[in-house]
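In what follows, a structure is listed as structure tokens, so that the remarks can point back to it.
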Amino acid sequence: MLFERAKKIFPGGVNSPARALKHLPAPLVAQGAEGPYLYTDRGRLVDYCLAFGAVILGHGHPRVREAVEAQLRRGWIYALLTEQEVEFAERIRRHVPSVEKMRIVNTGTEATMNAVRLARGYTKRDVIIKFDGNFHGSHDYVLVKAGSGAATWGVPTSAGIPQDVVKLTVVVPYNDVEAFYKAVREVGERLAAVIVEPIAGNYGLIIPDRDFIKALREETERVGALLIFDEIITGFRVGLGGAQEHFGVRPDLTTLGKVIGGGFPIGVFGGRGDVMDLVAPSGPVYNAGTFNAHPVSVAAGLATLRELETGQPYKTANEAAEKIAKAVEDVAGRAGFDVVVKQIASMFQLYFKKGHVKTPQDVRESNERLYLKLHELAIKHGVYLTPSQYEVNFTSAAHTGDVVEETIAALERAFTELKSQIG
Ligand SMILES: Cc1ncc(COP(=O)(O)O)c(C=O)c1O
């Protein structure tokens, strides 16, 4: 069995924790992907994980494939400036005007690491505030009370991070304005930056109050700290302008990733021109990378942005998420479950609980066991939901009406079976 071999060579048998699917006997093995479907050792599955949000046009989109193939014909790495990356960046800036200047890196993790370093370099201060359950990648500055796989595996703060580093990251409850004001008062003059997922997609889906986001902007401005929006999930996902457009708030720095690489590795950190000018070689804050602005990722990203600009992908993907969210409420209700469903644009998540979901604590109070059981049953019926209640489901432009119907029918069967199993 492949997993046995994999366990002998990879820690836990995988190369990223969220792939381990600890509630199943073995992780899924991928064989291919096309449109809305993943082809796996458990058969064809409608994909709602979509590489944790990296895919928005659907798998193997022809425009992206053509762009990548064309790039391969021209060679695939130069480590020099290219016209294509300038065009790509200009397009990003057109849609996200707070990003006046940017640096293109390889992953979201690199993007947030550099954004925090830059904020510290700019303000000459050292403490950052992050929020409980927000996930900003796997580096020392932010891997404190993080969401995503860290929450699924119950690893609130990674081993191996020096106490001196942990001390510089103050963790505050998400979507709690009073707690935030208090933390800002306590940190005082040492506050370099506040980093936040403006819509949280790593502790399930949590859509914060507008007042919370506004408070972040006003307070950081008042105390001379920078506001970093981590839009690695939400950027070009909740719309071309991301969550900052949705809330009408302009952060000082933004991080992007996932969608903008069209399924290839990418990260971007960018923002105010005066702050970005501190990045090497124009300034003293160092960032460099052999693979920065990799031509294949940029080609895939550019093709993706062009498609998104037509508006059609958002229309299809958002409609799919809306319909499924509504159907899950109905289907779960009919099967006799208390379920809360949250949805925005092409993201949704369901929680086995009564009441509402506005904070990470609300997510923790959901019945995780039922979610994982549902996940397993959905696979049996041909649907791959995101593998944890601490992650989020995504739809894509390939999730057309017929695929949505197929999904709803499969979920109905899964909920019914779940009910009969738990009695
Ligand atoms: C909001 C957010 N920030 C940062 C990251 C890290 O990005 P990457 O996995 O590309 O390093 C993620 C990944 O899930 C994310 O969701």
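Couple of notes before you dig in:
- Sparse-neighbour loop sites [chymotrypsin sites (Phe, Trp or Tyr not before Pro); segment 1-89; at most 16 other C-beta within 10 Å; DSSP]: Trp76, Tyr78
- Solvent exposure of segment 306-423, expressed per residue, is 39 Å² of accessible area, with all protein chains present and a 1.4 angstrom probe.
- Charge context of Ala89, other residues only, Cβ under 13 angstrom, K/R +1, D/E -1: 0
- Among the listed pairs Lys130/Lys182; Lys145/Lys214; Lys8/Lys258; Lys130/Lys167; Lys214/Lys354, those beyond 18 Å (Cα-Cα): Lys145/Lys214; Lys8/Lys258; Lys214/Lys354
- Computed from the C-beta positions of Glu309 and Glu4 and an R0 of 51 Å, the FRET efficiency is 0.65 to the nearest 0.05.
- Subtracting the Cα-Cα distance of Ala179 and Arg44 from their residue separation scaled by 0.36 nm leaves 44.0 nm.
- The sum of -39500 (n - 2.57) across all DSSP H runs of n ≥ 4, divided by the residue count of the chain, sets its helix-only mean residue ellipticity at 222 nm to -12500 deg cm²/dmol.
- Base-10 log of normalised Debye intensity for the chain (one unit scatterer per alpha-carbon) at q = 0.09, 0.11 Å⁻¹: -0.54, -0.82
- When trypsin sites (Lys or Arg not before Pro) are flagged only if DSSP places them in a loop and at most 10 other Cβ atoms lie within 10 Å, the longest unflagged stretch of the chain comes out as 125-353.
- Near Ile422: Cβ cut-off under 11 Å, other residues only, Lys/Arg at +1 and Asp/Glu at -1. The net charge is +2.
- Rounded accessible area per residue of segment 1-122, 1.4 Å, Å²: 53
- For the chain, carbon and sulfur atoms together expose 53% of the accessible surface, with a 1.4 angstrom probe and every protein chain in place.
- q = 0.17 Å⁻¹: log10 I(q)/I(0) that the Debye formula gives for segment 76-309, counting C-alpha atoms only: -1.26
- 3J(HN,Hα) from dihedral phi, segment 234-244, Karplus parametrisation 6.51/-1.76/1.60, rounded to Hz, x for glycine, proline: 7, x, 6, 9, 7, x, 4, x, x, 5, 5
- Pairwise FRET efficiency - Tyr286 versus Ser158, Cβ, R0 = 22 Å, nearest 0.05: 0.40
- Site pair Val165 and Glu66 shows an inter-label distance of 4.5 nm when each label is modelled 7 Å from Cα along Cα→Cβ.
- Full-stretch length increase - Thr400, Arg364 - with 0.36 nm per residue and alpha-carbon distance subtracted: 9.7 nm
- Accessible surface of Phe10 - all protein chains present, 1.4 Å probe, nearest 10 Å²: 80
- Length added when fully stretched, Arg94-Asp140, from 0.36 nm per residue minus Cα-Cα: 13.3 nm
The values are calculated or read from the model by the stated rules, or taken from the named source; none is laboratory data. All values reported here derive from a predicted model rather than from experimental measurement. Every residue, glycine among them, receives a Cβ derived from its backbone with ideal geometry; neighbour counts consider all protein chains shown. These area figures cover heavy atoms from the full protein model, side chains too; ligands, DNA and RNA do not enter into them. Shrake-Rupley method; radii C 1.70, N 1.55, O 1.52, S 1.80 Å.
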